[in-house]
Amino acid sequence: MKILVVGNGGREHAIAWKLQQSEGVERIICVPGNGGTATLNKCQNLPLRIDDFQAIAQAVIEQEISLVVVGPELPLSLGITDYLHKHTQVNVFGPTKLGSQIEASKSWCKALMQTAGIPTASGATFTNPRDAKSYISAQGAPIVVKADGLAAGKGVTVAMTIAEAQAAVDALFQEDSNRVVIEAYLEGEEVSILALTDGKTIRPLLPAQDHKRIGAGDTGSNTGGMGAYAPAPLVDTSLIQKIQQQVLEPTLRALQERQIDYRGVLYAGLMITPQQEIKVLEFNCRFGDPETQAILPLLETPLDELLLACATGKLEQLPPLQWRQEASICVVIASGGYPGNYEQQKAIVGIAEAEQLGVTVFHAGTKYEEGQLVTAGGRVLNVTATATNFEEAIKKVYQGVDCIDFANKYCRRDIGYRLFV
Ligand SMILES: Nc1ncnc2c1ncn2[C@@H]1O[C@H](COP(=O)(O)OP(=O)(O)O)[C@@H](O)[C@H]1O
Ligand SMILES: [Mg+2]
């Protein structure tokens, strides 16, 4: 089988890395890919824009691709799946434009959850700042203000005061938002459940947790994610069953009721409250980054078979997913300055030495320039280690991290600390 993977991050490198391990996979084309996918076995990069659907469809036809796996939310929300269905015969892993609204519109998602009785924070949607602000005054703080559309992790303000929440509303309406969701503040621990679905059957992957803040102890600016681990011990078998019954199954049914044939990842961002209640913070319509880099090294089931089964509506026919009984941890190495301004084009050394220690290094923001691997993004590399327990995995992952160097390298030294508090 020939597979085309859309995206250029650590998530897509991890997906391609797992796919090439399958005997049934002949060749992988990454659009546009990165320095990691450029040199991966069976894999080649194709420098197209991820929103140039016409060029991607042409590549699908010319290269006789049988499965397209879409990594990022942007092309999904713009309708890449609908476009490929219309113009080619290819199987697509990733929901349609309508299905992607579950991530791309927080108000649409909130309404779906409220109608279907899926547990989530109480809240309301507003289309003008005046009503939003009087709602905030009435509810009091802490309270959470969310931009409706895709915001690359910058659309949510967890406000500790009424003034802060109202300022967030003003800021959003001044930008191009014309809709905000305001919801009750929830306490608890966050966990990511990535589930695979073919629109009829839904199966969770191992539970994961990530670290979103730039600084030690989960402080400082929000980022795309500085590290992740799986399986999150917080989610035991009885909790995963509850998540399946209270969240995953009813969400899939709600999508079906809206005539949405959702094939891809349904990613539930959950808050587990101190009373062990499950609350959905948000849904994403794709694999998480960097959770995927921590989860996939533990997967034993061939990924190509799983993704194809989802894309062709045959997930129920597959045997239960097989996992290695190990702990997996992923540490993101970033460019100094990220998530603010940072420099690029810094020469990277030490990846081969790290891999000799048994870690896997996924590339996030790298490229080759005149044969030299250089930095090409804020998040540069994702070093991943698996071991019999988290203590060992953490020791191993940082040994790998310490082999790698480039000017202004930055990473958090405390990924996984919540496992031990
Ligand atoms: N109702 C809430 N109560 C407390 N914290 C929240 C709430 N909603 C979101 N958050 C915090 O804000 C972060 C981002 O919110 P989320 O809904 O996941 O949006 P996005 O990922 O699109 O930025 C969450 O990971 C969580 O830490
Ligand atoms: Mg989120």
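Could you tell me how many of the residues in the stretch 119-156 are of a type in the set (Ser, Thr, Tyr) and either in contact with a Gly (Cβ under 8 Å, 6 or more places away or on another chain) or within 13 Å of ligand 1 (Cβ to nearest atom) (or both)? Reasoning before the result, please.
Looking only at the stretch 119-156, we keep the residues that are of a type in the set (Ser, Thr, Tyr), and these are 120, 122, 125, 127, 134-135, 137.
Then drop every residue that is not either in contact with a Gly (Cβ under 8 Å, 6 or more places away or on another chain) or within 13 Å of ligand 1 (Cβ to nearest atom) (or both), which leaves 120, 122.
Total satisfying the criteria: 2.
Residue-wise test of (1) within 16 Å of ligand 2 (Cβ to nearest atom); (2) under 12 Å from Lys146 (Cα atoms); (3) among the basic types (Lys, Arg).
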{"position": "Ala165", "(1), (2), (3)": "no, yes, no"}
{"position": "Val169", "(1), (2), (3)": "no, yes, no"}
{"position": "Leu172", "(1), (2), (3)": "no, yes, no"}
{"position": "Glu175", "(1), (2), (3)": "no, no, no"}
{"position": "Ile182", "(1), (2), (3)": "no, yes, no"}
{"position": "Leu186", "(1), (2), (3)": "yes, no, no"}
{"position": "Leu194", "(1), (2), (3)": "yes, no, no"}
{"position": "Thr197", "(1), (2), (3)": "no, no, no"}
{"position": "Ile202", "(1), (2), (3)": "no, no, no"}
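When the residues of the stretch 275-287 are filtered to those that are farther than 11 Å from Pro72 by Cβ and part of a loop (DSSP other than H, G, I, E, B), the one that is farthest from ligand 1 (Cβ to nearest atom) is Gln276. For the stretch 213-221, state whether one or more residues are crowded, with 16+ Cβ neighbours inside 10 Å and under 30 Å from Val361 (Cα atoms). Yes. The single condition among (1) of a type outside the set (Phe, Trp, Tyr); (2) buried (at least 23 other Cβ atoms within 10 Å of the Cβ); (3) under 21 Å from Leu306 (Cβ atoms) that Leu40 does not meet is (2).
The residues in the stretch 110-129 that are at pLDDT below 95 and part of a helix (DSSP H, G or I) can be counted, and the count is 1.
Within the stretch 152-163, being within 12 Å of ligand 2 (Cβ to nearest atom) and out of contact with any Lys or Arg (no Cβ under 9 Å at 6 or more places or on another chain) holds for Ala152, Lys154, Val158. Being closer than 26 Å to Lys242 by Cβ and at pLDDT below 95 narrows it down to one residue among Val144, Val158; which is it? Just a single option satisfies the conditions, and that option is Val158. When Asp261, Asp289 are screened for being in contact with a helix residue (DSSP H, G or I) (Cβ under 8 Å, 6 or more places away or on another chain) and crowded, with 22+ Cβ neighbours inside 10 Å, only Asp289 passes. Given the condition assigned to a loop (DSSP other than H, G, I, E, B), more than 16 Å from ligand 1 (Cβ to nearest atom) and closer than 30 Å to Leu307 by Cα, answer yes or no: does some residue in the stretch 167-189 qualify? Checked against the condition, which is being assigned to a loop (DSSP other than H, G, I, E, B), more than 16 Å from ligand 1 (Cβ to nearest atom) and closer than 30 Å to Leu307 by Cα, the stretch 167-189 yields no hits at all.
Contact map, the stretch 242-269: first residue away from ligand 1 (no atom under 16 Å from the Cβ), second residue part of a loop (DSSP other than H, G, I, E, B) and among the basic types (Lys, Arg), Cβ cut-off under 7 Å, separation 6 or more or different chains; pairs are Gly264/Arg286.
Listed here are the residues, each with its yes/no results for (1) in contact with a Phe, Trp or Tyr (Cβ under 8 Å, 6 or more places away or on another chain); (2) under 28 Å from Gly94 (Cα atoms); (3) modelled with pLDDT of 95 or more.
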| position | (1), (2), (3) |
| --- | --- |
| Asp304 | no, yes, yes |
| Glu316 | no, yes, yes |
| Arg324 | no, yes, yes |
| Gln345 | no, no, yes |
| Gly358 | no, no, yes |
| Glu370 | no, no, no |
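The condition of being of a type in the set (Ser, Thr, Tyr), assigned to a helix (DSSP H, G or I), at pLDDT 95 or above and crowded, with 24+ Cβ neighbours inside 10 Å holds for only one of Ser100, Ser107, that being Ser100. Among the residues of this structure, Ile295 does not count as one that is within 16 Å of ligand 2 (Cβ to nearest atom) and either over 21 Å from the mean Cα position of the chain (by Cα) or at pLDDT 95 or above (or both).
Here are Val169, Val144, Val156: which of them is under 27 Å from Tyr338 (Cα atoms), out of contact with any Asp or Glu (no Cβ under 9 Å at 6 or more places or on another chain) and surrounded by 14 or more Cβ atoms within 10 Å (Cβ to Cβ)? Before the answer, list the steps.
On the way: Val144 fails: out of contact with any Asp or Glu (no Cβ under 9 Å at 6 or more places or on another chain); Val156 fails: out of contact with any Asp or Glu (no Cβ under 9 Å at 6 or more places or on another chain).
Among Val169, Val144, Val156, only Val169 is under 27 Å from Tyr338 (Cα atoms), out of contact with any Asp or Glu (no Cβ under 9 Å at 6 or more places or on another chain) and surrounded by 14 or more Cβ atoms within 10 Å (Cβ to Cβ).
The values are calculated or read from the model by the stated rules, or taken from the named source; none is laboratory data. Fair warning: this is a prediction, and the values are worked out from it, not measured in the lab. No Cβ is skipped: glycine too gets one built from the backbone with ideal geometry, and neighbour counts run over all protein chains shown.
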